[in-house]
Amino acid sequence: GREMSFSIGGDRMKIIVCTDGSEYGDKAVSYATQFADNYGIDLTILHVIEDTITQDALPTYPGFKPRREEAERILAHAKSVAREVSKKVTCHERIALGPITSEIVRIAAVEDFNGIVVGTKGVRGLKRMLVGSIARQVIRHAHCPVTVVR
């Protein structure tokens with residue numbers, strides 16, 4: 001088929017998907033990759049290491065190393081999920097540190113993403129409220145469209 005690609009003001013469109021490495025994160029990554037493939041746009045896969053304060057550079061002290069390694073594992077896994085969906089999507093990987101919701105919203109705004117994809121757990125009760133609250137907060141504060149994948 002004909003290649004379709006969207007651009008705004010000469011820049012290629014790009015979306016960001018956030019994953020925590022869970023099956024729900026995988027679902028979000030799969031969906032975002034398919035979307036990026038369909039529309040010829042770039043994809044950034046983000047993992048946020050949860051912390052109370054945002055730091056631009058990841059800390060270098062030894063105790064932090066396992067958290068960074070886990071984040072790298074999660075992203076490597078996410079990339080393999082994306083590759084199963086499409087070999088041709090340009091995938092960028094990002095690790096951020098800070099409060100999950102505000103980091104997703106901040107990075108999307110500062111770097112002018114055209115859309116955000118987040119997953120949500122399909123469970124009831126307290127867990128659903130907690131995870132739902134990440135999706136809800138992102139929707140409330142994001143500058144761009146947000147797709148919630150269930």
Please list, in chain and number order, the residues 5+ apart from Thr120 or on another chain whose amide H is under 5 Å from its amide H, with Hs placed from the backbone. Val149
Here the stretch 12-29 yields Karplus 3J(HN,Hα) values (6.51, -1.76, 1.60; θ = phi - 60°; whole Hz; Gly and Pro given as x) of 5, 5, 8, 10, 10, 10, 9, 10, 10, x, 7, 5, 6, x, 4, 4, 5, 5
Highest-MSF residue in the chain out of Lys121, Lys14, Lys27 [GNM, Cα springs under 10 Å]: Lys121
Under a Gaussian network model of the chain whose springs join Cα atoms within less than 10 Å, the largest fluctuation of Gly63, Gly115, Gly40 belongs to Gly63
DSSP beta bridges in the chain: the antiparallel percent, rounded to 5, is 15 percent
Estimated vicinal HN-Hα couplings, Hz - the stretch 98-112 in sequence order (Karplus 6.51, -1.76, 1.60; Gly, Pro = x): x, x, 4, 4, 5, 5, 4, 5, 5, 5, 4, 6, 4, 9, 6
Starting from the amide H of Ala96, placed 1.01 Å from N in the peptide plane, find each other amide H under 5 Å away whose residue is 5 or more places distant or on another chain. His47, Val48, Ile49
Kirkwood-type radius of the stretch 58-105, with distances r between different C-alpha atoms, in Å: 12.4 Å
Among Asp11, Asp26, Asp42: highest mean-square fluctuation, GNM of the chain, C-alpha pairs under 10 Å: Asp11
Per residue, how many Å² of accessible area does the stretch 10-83 show with a 1.4 Å probe? 52 Å²
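Might you report the magnitude of the Cβ-based charge dipole of the chain about its Cα centre, with Lys and Arg at +1 and Asp and Glu at -1, to the nearest 20 debye?
500 debye
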Vicinal HN-Hα couplings computed from phi for the stretch 136-144 (Karplus, 6.51 cos²θ - 1.76 cosθ + 1.60; Hz; Gly/Pro x): 4, 5, 4, 4, 5, 9, 5, 8, 9
Contact order normalised by length for the chain, with contacts defined as Cα pairs under 8 Å and 6 or more residues apart; what percent is it? 30 percent
Leaving ligands, DNA and RNA out of it, report the carbon-plus-sulfur percent of the accessible area of the chain at a 1.4 Å probe. 52 percent
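The values are calculated or read from the model by the stated rules, or taken from the named source; none is laboratory data. Not measured: the values here are computed from a predicted model. Every residue, glycine as well, gets a Cβ built from its backbone with ideal geometry; the counts of neighbours run over all protein chains shown. These accessible areas exclude ligands, DNA and RNA; they are computed on the full protein's heavy atoms, side chains included. Shrake-Rupley method; radii C 1.70, N 1.55, O 1.52, S 1.80 Å.
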